[in-house]
Amino acid sequence: MGKQKVLDVYFLIFAFTFKLITALMEDNNSFDQTILSPLLSNIYRFSNRNAFCIDEVYYSYKEFGDCISKIRPILKELYSNDAYIGLVANDDLETYASIFALWLEGKCYIPLHPNQPIYRSEEIIKDMNINLILDSSLSTVFTKHQTINTSTLSYDDDSLDYHEAFSEERTAYVLFTSGSTGKPKGVSISRKNLTAFIDSFWNCGILINEKDRCLQCFDLTFDVSIQCFLVPLLKGACVYTIPHNQIKYSYASALLEDHQLTVAAVAPSMLRYLKPYFEELNLPALKYCILAAEASPLNLIEEWKTCIPNAEIYNFYGPTEATIYCTYYQIKRNAPNRTLNGMIPIGIPMKGVEAIIVDEGNNILPAGKKGELCVAGNQVCVGYWNDPEKNRKAFFEKQYNGTLHRFYRTGDLCYYDNESILMLFGRIDSQAKIQGYRVELGEIEFHAREYLDGTNAVCLTFNNPKGNTELSLFVEDEEINQADLIGYMKSKLPHYMIPTKIILEKRFPLNSNSKVDKKRLKEKLSF
């Protein structure tokens, strides 16, 4: 055999081996490889570059790494056996650093909003059996619990080494969403789920590098926030946040314009508030605009396009149970976009996600037939915390394309059009999206009835003159103290779950099934 032929054989063997190793690595992405290693690498590679801009103060990757290093040792030394840690979701460097310090130690964080009623946070703490809370606040409200004030810890030395590989099944975070029984329900997202999401997200075509400036305008108790801070940090970019004490939409518009941000994820409701200022907004630096958290009306986005002449616009959809987003649709600039009732499609499944439309018997429906959207894949969570009955209702196994999959019922009514694009009709249950948050109307009704000693109450949504969704509460009574009722509900629920209208009815109308006729009640909503 000649020398050239030998070289050719060796080259083919090398090429085949390289492809095999690459394929194996792609199929076996881990939390370490996909999230922790890139973040730690960026702390050293981009040590002098900005990692965060918080309340107009910049923090470098070096300062971010130092902040992680001051938090991690106390977790390692004193709380090594605690897997689930409460985290007060403040807008500061210590809070973001705490997330990565916990992940480096193989722990899970449960965000607790500093401005939500203490009653709600206490329910979460009790349900999760949390023994330790990390809180950067000057004065904590969690006086009944073991709390570490992360803002008072001092940096002594780097603590960014990482050797131990934890199971991919370990929980990365638990987010609590509204629950119909009056108690929030916890959605457990594993390291595997989050790894799958990041891998899928990069596959959508969004390219970010260390020169990008990215908006983070969502509360850390809301899952879209994780995309907003994690994606930039994995690429060495800078994250621009919004303080809790600021008006979100006006502060966000100032950040976008003054700092010429290049990447932004926003809810359509925020754009509605900005609409009166569209003629004044000029954001040529924006490269990517992600629409998330609620349905996106095409007419609003068409107007928004004029403010962001150079941006690619994506509409992302996903329940918390499927790890942030699971489908997406890239909006066309110079060609017609599909719509359903004026709303942009939710698009196609992300990489690794299986999405089917089923009837009430879990039979898969063909294109054009509407039914419940169900999704499967590595992004789908293990289930709800300590709630086996709800897990039985929300998840099911089914053969699809020759493989047994575990599907999650999204509760959304959808269909595939003739080009395999997912179109969204709306909810098939009693949930609603308010300011981007998924709200269980039954939870609002539960607390209203509790205060009213069992008097019937029905919560319905309506659109205000700006087109945003608000909540109305119908009470089956002729006279109540509305101020006291609202005060009670504010002590139990976050601000976005407080009804803006209370309507009294002597008797609720009933339909032919002897149920409250919500359609007739909704007809009474007018301005």
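Derivation of every value follows stated rules applied to the coordinates shown; laboratory data play no part. On a predicted model such as this, the values are computed, not experimentally measured, just so you know. With ideal geometry, Cβ positions are generated from the backbone for all residues, glycine too; neighbour counts draw on all protein chains shown.
Overview of values
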{"quantity": "Chain lengthening between LYS466 and ASN337 when straightened (0.36 nm per residue, less Cα-Cα)", "calculated": "44.1 nm"}
{"quantity": "Using distinct alpha-carbon pairs, which all enter the 1/r mean, Kirkwood radius of the range 431-522 in Å", "calculated": "13.6 Å"}
{"quantity": "For the range 392-449, projected area of the alpha-carbon convex hull averaged over all directions, nm²", "calculated": "6.1 nm²"}
{"quantity": "Inter-part distance where the range 460-477 and the range 312-383 are each reduced to a Cα centre, Å", "calculated": "27 Å"}
{"quantity": "Helix 118-128 axis, angle to the chain major axis (alpha carbon atoms, nearest 10°)", "calculated": "50 degrees"}
{"quantity": "Two-decimal log10 I(q)/I(0) for the range 341-391, as the Debye equation yields it once each C-alpha is a single scatterer, q = 0.18 Å⁻¹", "calculated": "-0.79"}
{"quantity": "The range 37-197: translational diffusion in µm²/s, Stokes-Einstein, Kirkwood Rh over Cα pairs, 20 °C, 1.002 mPa s", "calculated": "130 µm²/s"}
{"quantity": "Using a Förster distance of 22 Å, the FRET efficiency for ILE503-PHE425 (Cβ separation, nearest 0.05)", "calculated": "0.25"}
{"quantity": "Low-density loop positions, trypsin sites (Lys or Arg not before Pro), the range 427-508 - DSSP coil, at most 15 other Cβ in 10 Å", "calculated": "LYS466, LYS506, ARG507"}
{"quantity": "The range 41-94 - Rg over Rh from alpha carbon coordinates, Kirkwood radius", "calculated": "1.05"}
{"quantity": "Rounded tilt (10° steps) of 441-451 against the dominant C-alpha axis of the chain", "calculated": "50 degrees"}
{"quantity": "4 °C / 1.567 mPa s Stokes-Einstein diffusion coefficient of the chain, Kirkwood radius on C-alpha pairs, µm²/s", "calculated": "52 µm²/s"}
{"quantity": "Using alpha-carbon coordinates, inclination of helix 248-258 to the longest axis of the chain, degrees", "calculated": "40 degrees"}
{"quantity": "Phi to ³J(HN,Hα) by Karplus 6.51 cos²θ - 1.76 cosθ + 1.60 over the range 148-161, Hz, x for Gly, Pro", "calculated": "9, 7, 5, 6, 9, 6, 10, 7, 10, 6, 4, 9, 10, 5"}
{"quantity": "Cα pair distances of the range 350-507 binned at 10 Å [whole percent]", "calculated": "9, 30, 27, 21, 10, 1, 0"}
{"quantity": "C-alpha center-to-center spacing [the range 247-295, the range 55-100] in angstrom", "calculated": "29 Å"}
{"quantity": "Inverse mean reciprocal Cα-Cα distance (Kirkwood Rh) of the range 262-395, Å", "calculated": "16.7 Å"}
{"quantity": "Radius of gyration and Dmax over the Cα atoms of the range 159-198, both given in Å", "calculated": "14.1, 44"}
{"quantity": "Stokes-Einstein translational diffusion, the range 354-427 - Kirkwood Rh over all Cα pairs, 1.306 mPa s, 10 °C, in µm²/s", "calculated": "124 µm²/s"}
{"quantity": "With 10 Å bins from 0: P(r) over the range 185-267, alpha-carbon pairs, percent", "calculated": "16, 47, 29, 7"}
{"quantity": "Debye log10 I(q)/I(0) at q = 0.13 Å⁻¹ for the range 416-467, Cα point scatterers", "calculated": "-0.49"}
{"quantity": "Label point distance in nm, ILE118-THR403, each placed 7 Å from Cα along Cα→Cβ", "calculated": "4.9 nm"}
